[in-house]
1. Show the residue pairs meeting these rules: Cβ distance below 8 Å; 6+ apart or different chains; first residue within the stretch 205-227 and within 20 Å of residue 283 (Cα to Cα); second residue of a type in the set (A, V, I, L, M, F, W, C) and modelled with pLDDT under 85.
2. So is residue 213 at pLDDT 85 or above, within 23 Å of residue 63 (Cα to Cα) and in the same structural domain as residue 20 (by TED's automatic domain parsing) or not?
3. Tell me, yes or no, whether the stretch 271-281 has at least one residue that is out of contact with any helix residue (DSSP H, G or I) (no Cβ under 7 Å at 6 or more places or on another chain) and in a loop (DSSP other than H, G, I, E, B).
4. Quick check on the stretch 360-370. Is at least one of its residues of a type in the set (S, T, N, Q) and modelled with pLDDT of 85 or more?
5. If you check residue 49 against the conditions, is it part of a helix (DSSP H, G or I), free of Cβ contacts under 8 Å to residues at least 60 places away in the same chain and hydroxyl-bearing (Ser, Thr, Tyr)?
6. Can you confirm whether residue 311 is farther than 21 Å from residue 183 by Cα, in contact (Cβ under 8 Å) with a residue 60 or more places away in the chain and exposed (fewer than 14 other Cβ atoms within 10 Å of the Cβ)?
Amino acid sequence: MLTYLIMTTEALITTAIMAGLMLAYSKKNFGKIGKIFMTVGVIGGLLASVQMSYLKNTTRKIDTGLWNFKIFRVAIIALVVFLIFSIRFLNKLTKKVGEVVTWCSLTVIIFIAIFYALPDVWAYPFKFLTGDQSVMSTDFLYKLIGYLAGILLVIVTCIAMYQGGIRLGDLSLSLILKVILIINALRQASVCLQIMILRRMIESNHDLFMIAKETSNRSHYFRNGIMIVSVLVPIVLVIMSFVQKEPYSNPAERRKIKAKWRNARRWSVCFVITILLSHFTLTTVKAYNSREASLSPVEDAVIEDGNIYVSFDQVADGHLHRFAYVTEKGTQIRFIVIKKPNASSYGVGLDACDICGETGYYEKGGQVVCKLCDVVMNINTIGFKGGCNPIVIPYSVSNGNIIVPIEGLLEHESEFK
């Protein structure tokens with residue numbers, strides 16, 4: 001549950017902030033045609049992201065790095081155009097041409113922001129079903145709750161940002177929006193630089209390599225910068241609500257003015273809460289969720305006549321048990337045994353899989369989980385090939401023992417090197 005809450009929030013929070021501000025800016029500065037442009041940008045971004053998600057997950061035609069490079073270049077150019085033509089003096093000189101260029105550039109920016117952020121998020125529900133899970137399983141439900149909670153959090157953030165933005169003064173809104181878009185453009189430029197170096201589009205040197213390395217390792221700084229700057233919206237609104245001295249001619253107008261600023265403060269509080277929840281999710285919750293799961297210790301077993309003997313009594317409790325054989329080269333080959341629920345059979349396999357390697361499995365809440373990819377195993381399928389299931393090894397059952405031939409383990413020695 002927490003994993004998909006974190007992933008969804010991380011993927012969408014900056015887009016939600018930017019979209020809320022851009023829509024507020026368009027409402028305050030654009031005419032009816034300008035609003036139509038922005039609507040087209042939002043709907044186009046949503047539809048394009050769905051198509052991209054489908055192509056990325058069903059074909060091999062999409063080179064994600066190259067796509068990001070192309071769309072980020074367009075977004076950066078659109079931002080430069082927007083910054084130039086949003087200057088009032090130049091806008092007045094160019095009149096309608098300047099307005100149309102401003103609408104178009106901001107539409108391109110919001111289209112690309114949505115188009116970039118959503119494709120992977122659309123695909124998350126389909127990833128819930130890995131490991132032979134059912135849509136009726138508890139694990140699927142938990143993941144879906146985390147996913148929907150993340151979606152709800154970023155939607156409320158976007159709405160609160162929009163509601164705050166339309167109540168700001170024109171100058172404050174314009175300045176905050178431009179600073180946030182510039183921070184986002186710097187992130188996009190850093191990604192473009194990394195791709196160009198990786199694909200040898202440019203000749204790298206020490207300075208360029210260090211810039212690419214540092215911006216990649218500290219990419220969360222851009223996200224945090226956008227979140228910090230966005231908090232200026234509620235701060236400015238709250239200050240404005242207490243210092244505004246709007247004229248009124250009767251008590252009804254006074255009550256209306258008070259209600260307007262009271263509403264502004266409520267949206268400000270709402271936005272601050274969503275930002276704090278997002279920050280808490282991306283720091284404390286993420287750190288908690290990312291803590292490394294420890295594998296249970298290897299248990300003793302009888303090694304005799306080229307076989308490893310595990311007695312039924314050792315594994316009769318239905319919990320995961322880990323055993324190992326150390327080869328002449330000093331390699332520890334681990335395997336697991338677990339009694340299957342409501343059955344007299346056992347799941348036996350290597351403590352490794354073909355997909356994730358020898359990272360191993362651990363038990364959590366009565367379920368067997370892959371340590372690397374966090375996929376929950378169907379205990380009844382352990383001992384069968386497929387997916388993230390443990391690699392199948394030969395074994396037999398005789399006289400109250402599970403007998404694992406050492407020769408069968410040695411075939412997989414390379415998995416544990």
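The values are calculated or read from the model by the stated rules, or taken from the named source; none is laboratory data. This structure is a prediction, so every number in the text was calculated from the model and none was measured. Using ideal geometry, Cβ is built from the backbone for each residue, glycine included, and neighbour counts are taken over all protein chains shown.
1. Correct list of pairs: empty, since none qualify.
2. Against the criterion (at pLDDT 85 or above, within 23 Å of residue 63 (Cα to Cα) and in the same structural domain as residue 20 (by TED's automatic domain parsing)), residue 213 qualifies.
3. no
4. no
5. no
6. yes
Condition check ((1) buried (at least 16 other Cβ atoms within 10 Å of the Cβ); (2) farther than 30 Å from residue 260 by Cβ) across all residues:
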position: 145; (1), (2): no, yes
position: 154; (1), (2): yes, no
position: 163; (1), (2): yes, no
position: 193; (1), (2): yes, yes
position: 196; (1), (2): yes, yes
position: 215; (1), (2): yes, yes
position: 219; (1), (2): no, yes
position: 222; (1), (2): yes, yes
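Matching residues to (1) in a strand (DSSP E or B); (2) in the same structural domain as residue 224 (by TED's automatic domain parsing); (3) surrounded by 19 or more Cβ atoms within 10 Å (Cβ to Cβ):
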{"residue": "283", "(1), (2), (3)": "no, yes, no"}
{"residue": "294", "(1), (2), (3)": "no, no, no"}
{"residue": "349", "(1), (2), (3)": "yes, no, yes"}
{"residue": "355", "(1), (2), (3)": "no, no, no"}
{"residue": "380", "(1), (2), (3)": "no, no, no"}
{"residue": "389", "(1), (2), (3)": "no, no, yes"}
{"residue": "393", "(1), (2), (3)": "no, no, no"}
